[in-house]
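*Asks:* The structure follows.
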Amino acid sequence: MEEYGRTTVATWSAFTGRKIVVVVNPEEVDYFKTELGSRYSVLPFGAGSLQHMAAIRSREDALNYRRGDYRWQAARFSWKVFAMEEAFISFPQEQVVTWLDADSLLKDGFDSWLSQVFSAEHAVSFLGRAHKQLHAETGLIDFRGAEGLRLFNRVLDIYKSLEIFDFNEWTDSYVYTSVFQFNKHCFDICKHRGVRSSNPIYEIDRGRHLIHLKGMRKNSSSMLLDDLRVLLRR
């Protein structure tokens with residue numbers, strides 16, 4: 001886990017009553033168990049996950065396509081998908097599983113806000129982006145029941161089978177959006193609840209209950225020059 005994640009995740013237990021599961025590299029498990037305490041379940045990436053991530057990295061290196069452009073960096077974002085798999089495997093009895101990126105800061109009312117914006121009638125609630133139709137925000141996704149797990153497993157299979165390299169782009173955002181966007185079991189909280197995700201001024205839902213740190217903000221809590229540029233354009 002990156003350094004910024006170590007400081008943000010440690011604050012989550014003060015703002016949510018939900019079970020918190022953190023997935024880290026095997027050598028980091030003992031450290032995080034000690035640092036985070038009993039409110040957190042700390043899981044390692046299993047051997048299978050590590051092998052799949054290595055295979056993705058190897059294929060990406062071999063293709064050597066548009067190196068440096070994040071849209072074709074499959075390995076860079078693949079850990080999110082395999083971290084989710086570890087959580088599903090370890091807690092099969094859970095009917096509701098919510099993914100939250102580690103570079104997130106929670107605020108008072110977070111749990112109540114989630115219950116208001118997520119749909120209990122849909123298998124997946126996700127945050128689409130009105131200004132980026134093909135790139136949903138993958139920092140906040142809610143999965144429910146057997147259908148939610150099935151949809152997640154579809155994404156997982158795209159990574160495990162290396163089918164991801166047949167896609168027009170290889171980011172997790174593009175893959176998730178391809179699976180969710182037109183599926184009747186999926187609920188876009190941007191479209192139906194008016195929740196926004198815009199970097200960097202509005203973050204998620206204008207930063208009312210959740211701040212998703214983006215870019216340089218991961219290492220700075222102060223307003224950046226980019227913030228001012230966005231503000232002046234609005």
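*Asks:* Once phi is turned into ³J(HN,Hα) by the Karplus curve 6.51 cos²θ - 1.76 cosθ + 1.60 with θ = phi - 60°, what whole-Hz value does each residue of the range 157-163 show in order, with x for glycine and proline?
*Replies:* 5, 4, 6, 5, 7, 6, 4
*Asks:* Amide H of S41 versus every other amide H placed in the peptide plane: which residues, excluding those fewer than 5 positions away on the same chain, fall under 5 Å?
*Replies:* For S41, the qualifying residues are I20, V21, V22.
*Asks:* Just want to confirm a number: the relative contact order over the range 3-233, from Cα pairs under 8 angstrom separated by 6+ residues, in percent.
*Replies:* It rounds to 21 percent for the range 3-233.
*Asks:* Between V195 and residues 5 or more places away or on another chain, which pairs have amide H atoms under 5 Å apart, with H built 1.01 Å from N, and which residues are they?
*Replies:* Residues meeting the criterion, in which the H sits 1.01 Å from N, are C190.
*Asks:* With the Cα gyration tensor of the range 3-233 giving a ≥ b ≥ c as the square roots of its eigenvalues, does the rule (a/c under 1.5 for rounded; else a/b larger than b/c for prolate; else oblate) give rounded, prolate or oblate?
*Replies:* Cα axes put the range 3-233 in the rounded bin.
*Asks:* Based on alpha-carbon positions alone, could you give the equivalent ellipsoid semi-axes of the range 35-85 from the gyration tensor, as √(5λ), descending, whole Å?
*Replies:* The three semi-axes for the range 35-85 are 28, 13, 7 Å.
*Asks:* Step through the residues of the range 113-122 one at a time and calculate ³J(HN,Hα) from phi using the Karplus curve (6.51 cos²θ - 1.76 cosθ + 1.60, θ = phi - 60°), rounding each to whole Hz and writing x for Gly and Pro.
*Replies:* In residue order, the calculated couplings are 4, 4, 5, 7, 8, 6, 9, 6, 9, 10 Hz.
Laboratory data are not the source of any read-out in this text; all were calculated from the coordinates shown. The shown structure was predicted, so the numbers you read here are calculated from the model rather than taken from an experiment.
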